[in-house]
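Notes follow the structure.
Each value in this text was obtained by applying a stated rule to the coordinates, not by laboratory testing. Everything quoted here is computed from the prediction, not taken from an experiment. Glycine gets a Cβ as well: all are built from the backbone with ideal geometry, and neighbour counts include every protein chain shown.
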Ligand code: PFF
């Protein structure tokens, strides 16, 4: 019977190991690179409020559903979906959800790794004093020169993929668990230090006001939808990362409590990143809405001029690399687990195969910033297209299908026994949020997408 056995890939040694690993997956470039710039572009407080509501009403309930499916199936997402569907006498086509997740993971990691490579390069630049005393123009030139060099981007992208493969090949207990146990607490301490720094910039209250004072005149319907879509990306929902981590979760652990902890930690890190970045932006007269280059084009100016900038700048980019690393591991894990199960590969070989495919696709993103930046599909570069396709379409679609499977297909008996919320109010709240509220909200996202491209 599903749910009683142990994953062939091993199990987390404790509840904390799972919490740390899943938090490591959730906290990444999405929190530190993407959240601040989309908040900046969409006017601040009101956007943040909608994002927080989306996390509460859609993200947390779907996350519980995804962890639940993983623990019930105990296999890679592809085989978990096949097993659960079969056990309930349903179509084996549900396994396509797992396949879509593997594909989405490859696609996200392929560009995620390139951006993480920027962070690697900026760690070295910060540490060697390249930003010291540099003005906005110089910093912009450093960034433009850097991204216009395919070889430099390729080199850092390659290094980041290799780093990811090394950890993934060591497996659940040896690799993932040890890495996150060390990296996550370090990340948190570094952020606390940086918030301490931001308090002394002189613009802390302005930054905090921008982040938390909701001015509804500054957010449109589109901004609301971007905030909702980001809830999926930031919590790693909709592609099987959280499902595969859930499959390593021992039976006696409360899914609801752990999910609240993970989502809480993820949200805290994003808000802290905002509290670090916006005061620095305002104290230096930088633009909050300067787009995806916000961190790379503006923060070095601050680091270059502030007291201890060499130290804090280096710390900041190390932190960004750590965060991206623990997310990257989870992006490739569904594919690696499947290769081990179905192709009888060692983890090491599976990691190399999966890593190579991702690396290869990543070349497209590398070139989209330089040699191929004029090649457009639907008006977007390869990188923009991948980001758009994954964040706005594939993740919400995956989340929608998981929500449907968990509440319309899987028996209530299964979810009652797996979630252990009893059969009262708490369970009903989860059930109706996942059955109706979340799918309808996701459909609203899609309607907007269709509207934007005028179908
Ligand atoms: N949640 C990660 C971040 O915020 O950077 C990105 C991510 C990881 C998205 C894993 C999706 C995923 F399955």
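Numerical summary
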{"item": "Whole-angstrom Cα spans of the range 222-371 along principal axes, big to small", "result": "55, 44, 37"}
{"item": "Cα-based Rg of the range 20-112 normalised by 2.2 N^0.38 Å, two decimals", "result": "1.34"}
{"item": "Angle between the chain longest axis and helix 347-368 axis [Cα atoms, degrees, rounded to 10]", "result": "40"}
{"item": "Descending Cα extents along the principal axes, the range 328-380, whole Å", "result": "42, 18, 18"}
{"item": "Distance between modelled label sites at residue 6 and residue 141, nm, 7 Å Cα→Cβ extension", "result": "6.1"}
{"item": "Alpha carbon Rg of the range 164-298, scaled by the compact-globule rule 2.2 N^0.38 Å", "result": "1.27"}
{"item": "Where Rh is the Kirkwood radius over Cα pairs, Rg/Rh for the range 306-455", "result": "1.07"}
{"item": "Using alpha-carbon coordinates, inclination of helix 178-199 to the longest axis of the chain, degrees", "result": "40"}
{"item": "Gyration tensor verdict on the range 94-245 (Cα atoms; rounded if a/c is under 1.5, prolate if a/b is larger than b/c, oblate otherwise)", "result": "oblate"}
{"item": "Neighbour-count ranking [beta-carbon atoms within 10 angstrom, fewest first] of 345, 68, 228", "result": "345, 228, 68"}
{"item": "Cα long-axis angle, helix 15-26 against the chain (0 to 90 degrees, to the nearest 10)", "result": "50"}
{"item": "Chain lengthening between residue 447 and residue 193 when straightened (0.36 nm per residue, less Cα-Cα)", "result": "87.2 nm"}
{"item": "Sorted by Cβ neighbour density within 10 Å, fewest at the top, the residues 282, 312", "result": "282, 312"}
{"item": "Using distinct alpha-carbon pairs, which all enter the 1/r mean, Kirkwood radius of the range 45-180 in Å", "result": "18.9"}
{"item": "Compactness of the range 84-153 - radius of gyration and Dmax, Cα, Å", "result": "21.3, 67"}
{"item": "Dimensionless Rg/Rh of the range 227-294 - Kirkwood Rh, Rg from C-alpha atoms", "result": "1.13"}
{"item": "More than 14 Å apart - percent of Cα-Cα pairs taken over the range 197-256", "result": "74"}
{"item": "Percent of Cα pairs exceeding the 34 Å cut-off, where the set is the chain", "result": "29"}
{"item": "Sorted by Cβ density within 10 Å, fewest first, the residues 388, 122", "result": "388, 122"}
{"item": "Estimated FRET transfer efficiency when R0 is 56 angstrom, pair residue 15-residue 221 (beta carbons, to 0.05)", "result": "0.90"}
{"item": "Largest-first principal axis extents, alpha carbons of the range 290-342, Å", "result": "54, 24, 7"}
